Amino acid sequence: MNHPRLLIAVSMVMSFVGFLYGKGVYFFTDRVLKFDESANLWLALAGGAIYVAAALMSHAVADRIGEKRLANATLLLFLLVNGFAAWQPNVAGVWVAHMGNQISWALFWPVIESYCGAGRTPKQQSRSMGAFNLAWASTGPIGMLAAAPVLAAGNRWLFVATGAAGIVVFFLLIPVAARPKHLDGNHPDRPDPVLTRRYNALLASSRWTMLSAFALTLIVASLMPMLFKDGLKLSESKSILLGSLKDFGRVVIFLLLFLTHRWHGRIDVLLVTALAVPIGFFTVLFAPNPTVAGVGVVTMGLAEGVAYYAAIYYAMVVKNASVDAGGAHESLVGLGFTIGPAAGLLGQYLTTLFDDRVLGNVLGIGPLIVVCGVMGLRSLWRARANPVEGEPDPTV
C-alpha cells in the first residue's frame, strides 16, 4: 500500500527540516563563517547544480534498485553528511553537508511524489498532489521560523536537527510498499491524445515560470541577510520572519488550488503567474522599507505556488505519476537553484563594473526573466491552439 497519511507525515517532516536548513544555512555562513554575498551565491550555485544532476538520475536509479530502497539510501546519506557538519561546523563541513543534502533531497522527493500520485485518476491526482503540496508548504514556514532559535542554540544544532529528521522519516517509511502501484496505461480515465497535447503545452509553460520563480527565489534567499538585515536594518529574526511571508503566501494559494478544479486547462492563470514572478522579485530587490519588501515577498510566494502546483499536477497526469515525472520536476527546481545564483553573481559583477546597482541587476538577471517569460508564453500559445471539449475556455 502507498499509505497516503504516512506519506503526508513524511512530506511534513522533510519539508520542515528542508526549510529549516535552507533558510538557516545562509545565516549560519554569514554570521559564523563570515561569508560575503559572493560566497553565499557560490554555495547556492554548486548546490543547485548537483541537485539537477541527482534529480535527473532519480528515475534510472529507482528503476534499478526500487523506490523505497532509493529513499532509504538517501536518508542514510542525509544522516552521514549532517553528522559530519555537526562534528566539523566549519567551511568544509558546510560544503559537505550542503552538497550531500542537495543530492539526498533531489533523489528523495521524486520518489515521494510518485508514491503520492500513483494509482489515481487525473482528478484524484489533483487532490492527492494538492494534499502533498499543502503538507510540505504548510510545514515549511514553521521550519523557516525555527531557524532563528536553532541557530541561536549553537553552531552545531542546525546540522543536528537536519540529520535527526532522516532518522524519523526512515521509521515512518517502514510500512510503505517497496514500489508504488500505478494506474493501468489503458485505464478509461487516462487523458486522451488531444487532452494530453494540451496538458503538455501547459506543463511546459508552468515549468518555465517555475524555473524563473525558483531561480529568483534563491537569489533572494542567498542575499536575504544583506537585503533585509543590512539594507533594511532588520534583526536576524525579523529578517527570517519577513522572508517567511513568501511561504505563507504559497500555502494560501495551494489551498485555493486544492479546493477547486476550475484552473485546470486555463491559460490566463499561468499568464498572470508569469507576470507576477518578476514583479515580486524586483519589488523585494529594490524595496525602500519592510512593508514594500513584504508585498514583494508575498507576490513571489503566490506566483511560485501557482507555477509549482500546475507543473507537478500536469506532469503527474501526463506521465502517470512515474518517478520520471517527479525527477524532471525536481531537476527544474534544481536548475532554478543553479541559474538563479549564476544570474545573481553576474548582476553583482555588472553592479561593480557600472557602479550602478539597478543597472547591474537588471542586466544580470533580466535575460533569465526574458527567456523564461518568452518560452512560457510560447507554450501558452501552443495550448491555445489545442482547445479541448469540456475543458474551460482557454481565453478566459
Considering (1) of a type in the set (Lys, Arg); (2) touching a Gly at 6+ places or on another chain (Cβ under 8 Å); (3) surrounded by fewer than 23 Cβ atoms within 10 Å (Cβ to Cβ), say which one residue 246 fails and leave the rest. (3)
Report yes if some residue within region 130-146 is over 21 Å from the mean Cα position of the chain (by Cα) and not hydrophobic (A, V, I, L, M, F, W, C); otherwise report no. no
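Which of the residues that make up region 114-148 are basic (Lys, Arg) and more than 20 Å from residue 71 (Cβ to Cβ)? Spell out the reasoning first.
Step one: filter region 114-148 for residues basic (Lys, Arg), giving 120, 123, 127.
Matches in region 114-148: 123, 127.
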So is residue 320 over 19 Å from the mean Cα position of the chain (by Cα), under 30 Å from residue 199 (Cβ atoms) and buried (at least 20 other Cβ atoms within 10 Å of the Cβ) or not? yes
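Mind counting the residues in region 292-312 that are surrounded by fewer than 24 Cβ atoms within 10 Å (Cβ to Cβ) and of a type in the set (Ser, Thr, Tyr)? Steps first, please.
Restricting attention to region 292-312, the residues satisfying the condition of being surrounded by fewer than 24 Cβ atoms within 10 Å (Cβ to Cβ) are 292, 294-296, 298-299, 302.
Then keep just the ones that are of a type in the set (Ser, Thr, Tyr); that gives 299.
Within region 292-312, residues that are surrounded by fewer than 24 Cβ atoms within 10 Å (Cβ to Cβ) and of a type in the set (Ser, Thr, Tyr) number 1.
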Unmet criterion (only one of (1) modelled with pLDDT under 90; (2) surrounded by fewer than 23 Cβ atoms within 10 Å (Cβ to Cβ); (3) not in a loop (DSSP other than H, G, I, E, B); (4) not β-branched (Val, Ile, Thr)) for residue 275: (1)
By my count, helices (runs of 4 or more DSSP H) wholly in region 1-114 with at least 2 residues that are charged (D, E, K, R) and farther than 30 Å from residue 130 by Cα are 4-31
Search region 139-161 for residues that are modelled with pLDDT under 85 and pair each with any residue that is among the hydrophobic types (A, V, I, L, M, F, W, C) and not in a helix (DSSP H, G or I) when their beta-carbon atoms are under 9 Å apart and the residues are at least 6 apart or on different chains. 155/32
Testing residue 289 on (1) buried (at least 20 other Cβ atoms within 10 Å of the Cβ); (2) modelled with pLDDT of 85 or more, one condition comes back false. Which one is that? (1)
Out of all the residues in region 344-366, is one or more surrounded by fewer than 19 Cβ atoms within 10 Å (Cβ to Cβ), modelled with pLDDT under 90 and of a type in the set (Phe, Trp, Tyr)? yes
Within region 276-305, considering residues that are farther than 19 Å from residue 231 by Cα and touching a residue at least 60 places away in the same chain (Cβ under 8 Å), the one farthest from the chain's Cα centre (by Cα): 278
Consider residue 319 against the criteria (1) within 30 Å of residue 179 (Cβ to Cβ); (2) touching a residue at least 40 places away in the same chain (Cβ under 8 Å); (3) not hydrophobic (A, V, I, L, M, F, W, C): it satisfies all of them except one. Which criterion is unmet? (2)
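For the subset of region 22-69 comprising residues that are acidic (Asp, Glu), more than 26 Å from residue 160 (Cβ to Cβ) and touching a residue at least 60 places away in the same chain (Cβ under 8 Å), which member is surrounded by the most Cβ atoms within 10 Å (Cβ to Cβ)? I'd like the intermediate steps shown before the answer.
Applying the first criterion (acidic (Asp, Glu)) to region 22-69 yields 30, 36-37, 63, 67.
Now narrow it down to the ones that are more than 26 Å from residue 160 (Cβ to Cβ): 36-37, 63, 67.
Next, from what is left, pick out any that are touching a residue at least 60 places away in the same chain (Cβ under 8 Å): 37, 63, 67.
Values: 37: 17, 63: 14, 67: 23.
Among residues in region 22-69 that are acidic (Asp, Glu), more than 26 Å from residue 160 (Cβ to Cβ) and touching a residue at least 60 places away in the same chain (Cβ under 8 Å), the one surrounded by the most Cβ atoms within 10 Å (Cβ to Cβ) is 67.
Would you check which residues across region 154-178 are under 29 Å from residue 322 (Cα atoms), assigned to a loop (DSSP other than H, G, I, E, B) and in contact with a Phe, Trp or Tyr (Cβ under 9 Å, 6 or more places away or on another chain) and list them?
Across region 154-178, the qualifying residues are 176, 177.
Can you go through 111, 160 and tell me which one is within 30 Å of residue 262 (Cα to Cα), out of contact with any Cys (no Cβ under 8 Å at 6 or more places or on another chain) and of a type in the set (A, V, I, L, M)? Talk me through it step by step, then tell me what you get.
Values: 160 fails: within 30 Å of residue 262 (Cα to Cα).
Of the residues listed, the single one that is within 30 Å of residue 262 (Cα to Cα), out of contact with any Cys (no Cβ under 8 Å at 6 or more places or on another chain) and of a type in the set (A, V, I, L, M) is 111.
The values are calculated or read from the model by the stated rules, or taken from the named source; none is laboratory data. Not measured: the values here are computed from a predicted model. Here Cβ is always computed from backbone atoms with ideal geometry, including for glycine, and neighbour counts include all displayed protein chains.
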